[in-house]
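Reading through the structure tokens given below for one structure.
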Amino acid sequence: MRINTTDMQNAFGKYLSLVEKEDIIITKNGKSVAKLIRYNEPDYFLVHEEAKKYQPTKKVSYEEYMELVESSDQRYELIDGEIYLLASPSFTHQVVVNEISGCFYNYFKGKPCRSLTAPLDVRLFGYATKFEEDPNVVQPDVVVICDEDKVNEKNKYEGIPTLAVEVLSPSTKAKDLVAKLNLYMKSGVLEYWVVNLENKSILQYSFSEERDINYPQSYQQGDTIQSTVFPGLEILLPDIFSEI
């Protein structure tokens with residue numbers, strides 16, 4: 001589309017809407033002087049969860065991550081300098097999250113620890129001594145925290161969860177089984193559950209004080225998963241998957 005400068009000045013709002021569909025060439029005295037094009041947010045550092053292959057071009061700083069988060073209504077995670085755009089979870093995913101969080105709520109009610117569900121930013125920093133040296137921000141599906149004193153003045157949690165739960169989906173499987181497993185281990189999380197909706201199973205990892213993986217335990221339909229950290233916290237797998 002071509003328009004002159006007078007038309008542009010008189011109907012600027014109109015052409016801002018039209019530029020969503022096509023570029024607009026602005027003319028003056030019959031000559032092209034400017035071009036109005038649609039602006040797209042740069043995503044050169046984003047890793048979309050739907051993508052099966054990606055080639056990240058740079059490590060992202062925490063400041064860049066926060067700039068993106070504060071300018072968007074999307075949910076993101078920052079893991080080892082890469083930003084992940086979180087896809088909307090499925091109905092089945094949320095049903096299972098709700099079943100697990102309900103069991104956790106009943107167990108931890110009246111106890112010093114607390115279970116919470118996403119979206120909740122959890123700031124981790126791996127083997128580093130402080131967050132600024134290795135910033136990571138994740139949103140576990142279910143998380144148990146026992147250090148509420150680590151909630152800062154901005155009401156953000158900056159502690160180390162005791163137990164984290166991730167419910168797999170096709171777009172998050174690789175991240176949850178590799179990137180998050182490694183991050184939780186090196187950050188001092190004591191226990192990690194990976195819930196598989198496809199075969200209705202749970203893979204349980206426990207981590208040593210030296211931040212190594214102890215022998216992982218697999219639970220199938222009919223089994224009862226027992227926490228390695230919290231005595232008496234146990235859930236029948238049929239109770240988790242009965243509604244799906």
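Arranged by the count of other C-beta atoms within 10 angstrom, fewest first, what order do 163, 203 take? Can you show the working numbers first?
Numbers: 163 26, 203 18.
Ascending number of Cβ neighbours within 10 Å: 203, 163.
Mean residue ellipticity at 222 nm from the helices of the chain, using -39,500 (n - 2.57) per DSSP H segment of n ≥ 4 over the full residue count, to the nearest 500 deg cm²/dmol?
After summing the helix terms and dividing by residue count, I get -6000 deg cm²/dmol.
Less than 15 Å Cβ to Cβ from residue 224, Lys/Arg counted +1 and Asp/Glu -1: what total charge do the surrounding residues give?
On the way: positive: 200; negative: 99, 223, 234, 239.
Cβ neighbours under 15 Å give a net charge of -3.
Within a 10 angstrom radius of the beta carbon, how do 219, 192 rank from fewest other beta carbons to most? Can you show the working numbers first?
Working: 219 20, 192 24.
Final ranking by Cβ density, sparse to dense: 219, 192.
Using Cβ contacts closer than 10 Å as the measure, can you line up 162, 27 from fewest to most? Kindly include the intermediate steps, with their values, before the conclusion.
Details: 162 19, 27 15.
The order, fewest Cβ neighbours first, is 27, 162.
May I ask which residue of 90, 146, 206 lies farthest towards the positive end of the charge dipole of the chain, with charges of +1 (Lys, Arg) and -1 (Asp, Glu) on Cβ and the Cα centre as origin?
90
Would you kindly calculate the translational diffusion coefficient of the chain, applying Stokes-Einstein with the Kirkwood radius from alpha carbon pairs, for 4 °C and a viscosity of 1.567 mPa s, and quote it in µm² s⁻¹ without decimals? Don't skip to the end; give the middle numbers.
Numbers: Rh = 20.6 Å.
Approximately 63 µm²/s, per Stokes-Einstein.
If a cysteine in the chain has no other Cys Cβ under 4.7 Å from its own Cβ, put it on the list, ordered by number.
Cys with no partner Cβ under 4.7 Å: 103.
Please give the length that would be gained between residue 35 and residue 177 if that part of the chain were fully extended, namely 0.36 nm times their separation in residues minus their C-alpha to C-alpha distance (nm, one decimal). Please list the in-between numbers first.
Working: separation 142, 0.36 × 142 = 51.12 nm, distance 4.69 nm.
Extra length available between residue 35 and residue 177 comes to 46.4 nm.
With only Lys, Arg, Asp and Glu charged, each at its Cβ (+1 for the first two, -1 for the last two), find how big the charge dipole of the range 180-222 is about the Cα centre; round to the nearest 20 debye. Walk me through the intermediate numbers first.
On the way: 4 positive and 5 negative charges, 31 e Å.
Dipole about the Cα centre, nearest 20: 140 debye.
For the chain, what does the relative contact order come out to in percent, with C-alpha contacts under 8 Å and a separation of six or more? Provide the component values of the computation, followed by the final result.
Numbers: 420 pairs, mean separation 29.5, N = 244.
In percent, rounded to a whole number, it is 12.
Counting only DSSP beta bridges with both residues in the chain, what percent are antiparallel, rounded to the nearest 5?
Numbers: 34 of 45 bridges.
Once the DSSP bridges in the chain are tallied, antiparallel ones form about 75 percent.
Mind checking the dipole of the range 91-241: about its Cα centre, +1 per Lys or Arg Cβ, -1 per Asp or Glu Cβ, Debye to the nearest 20? Could you put the intermediate results ahead of the total?
Working: 14 positive and 21 negative charges, 43 e Å.
For this selection, approximately 200 debye.
With a cut-off of 8 Å between alpha carbons and a minimum separation of six or more residues, what is the relative contact order of the range 67-205 in percent? Please report the intermediate quantities before stating the final value.
On the way: 229 pairs, mean separation 27.8, N = 139.
Once divided by the residue count of the range 67-205, the mean separation gives 20 percent.
If I model a spin label as a point 7 Å beyond the Cα along the Cα-Cβ vector, how far apart are those points for residue 25 and residue 213 in nm?
The two pseudo-label positions are separated by 5.9 nm.
Let me know the number of lysine pairs in the range 91-241 closer than 20 Å at the Cα, not counting same-chain pairs under 8 apart.
Eligible lysine pairs with Cα atoms under 20 Å apart amount to 12.
Which length gain, in nm to one decimal place, applies between residue 220 and residue 234 when the Cα-Cα distance is subtracted from 0.36 nm times their residue separation?
Working: separation 14, 0.36 × 14 = 5.04 nm, distance 1.39 nm.
3.6 nm is the gain from fully extending residue 220 to residue 234.
Values quoted throughout were computed directly from the atomic coordinates according to the rules given, and no laboratory measurement underlies them. Quantities reported herein were computed from a predicted structural model and do not represent experimental measurements. FYI the Cβ positions are ideal-geometry reconstructions off the backbone, even for glycines, and counts take in every protein chain you see.
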